[in-house]
Amino acid sequence: HMIETQFSTKIAIIRSDNGTEFINSSCGSFFAEKSILHQKSVVKTPQQNGVVERKHRHLLDTARALRIQAGFPKSFWGECVLSATHIINQLPMANLLWKSPFESLYGQPPTYEDLRAIGCLRYAANIGETDKFEPKAHKSVLLGYSFGIKGSKLYDLTTKKIFHSRDVIFKEDIFPFKTKSNDVYNIYNEPVLPCILPDFDDINPL
């Protein structure tokens, strides 16, 4: 329904593997109702899903690089995948004639002013605080960006809660989840290695 309302088009074909999340009565009824053709790959033939497999690897490689750079614990892997998706969709791709997936979908190039280093320190204004002796800002780290929300997705280092804010101050040279003495181990005693991003030139977009 969102595709129809936002892009004035309809989905004609969906291709998937034979996972049970797609092969069930609910999906079958939905596809039939919407007149969507469901194509399934042959069992034990992953090469038929080559584009999906390459994109999956691209996402994981980028998410892994973001986690290592930020020093995040492995429990933050989901946030790293979401951030990786957001970044990849705004990068120019060779097979799109150096347009980004975002521009191909929306017809206009993305803006990069709001992009910051994932995991960096941010001070977010403590809105609504009336106690004059309480901190005026939350000490937090950048997790990423949420769809449909104007602002950054932040992790409060004190309350351990996730929140969104637009009124922030960046400290992109400070990564709180890494040790202060060196970058060999983070606060979870996990090894932190140099950040190496994958080559984006020949990767298929979403």
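Would you please classify the overall shape of region 1-71 from the alpha carbon gyration tensor, given that a ≥ b ≥ c denote the square roots of the eigenvalues, rounded means a/c under 1.5, and beyond that prolate means a/b larger than b/c while oblate covers the rest?
Working: a/c = 2.52, a/b = 1.52, b/c = 1.65.
Because a/c hits 1.5 or more and a/b fails to exceed b/c, region 1-71 counts as oblate.
Take every Cα pair under 8 Å whose residues are at least 6 apart in sequence, average their separation, divide by the length of region 1-149, and the relative contact order is 14 percent. Taking 0.36 nm per residue of sequence separation and removing the Cα-Cα distance, the Arg57/Glu33 pair yields an extension gain of 5.3 nm.
Using 1/(1 + (r/R0)^6) with R0 = 30 angstrom and r between the beta carbons of Ala12 and Thr111, what's the FRET efficiency to the nearest 0.05?
Values: r = 31 Å, r/R0 = 1.04.
FRET efficiency, Ala12 to Thr111: 0.45.
Each residue of region 1-128 gets 210 Å³ once the volume of the Cα convex hull is shared out per residue. Region 82-128 and region 1-39 have Cα centres separated by 28 Å.
Taking the average, over residues, of other Cβ atoms within 10 Å as the packing measure, peptides 53-66, 106-119 rank 53-66, 106-119 from highest down.
Can you quote the Å³ per residue value for the convex hull of the Cα atoms in region 52-95, rounded to an integer?
Working: hull volume 3.3 nm³, N = 44.
It is 74 Å³ per residue.
Readers should treat all values here as calculations from the given coordinates under stated rules, not as data from a laboratory. Nothing here was measured: the structure is a model prediction, and the numbers come from that model. Neighbour counts are summed over all protein chains in view; Cβ atoms, including those assigned to glycine, are modelled from backbone coordinates with ideal geometry.
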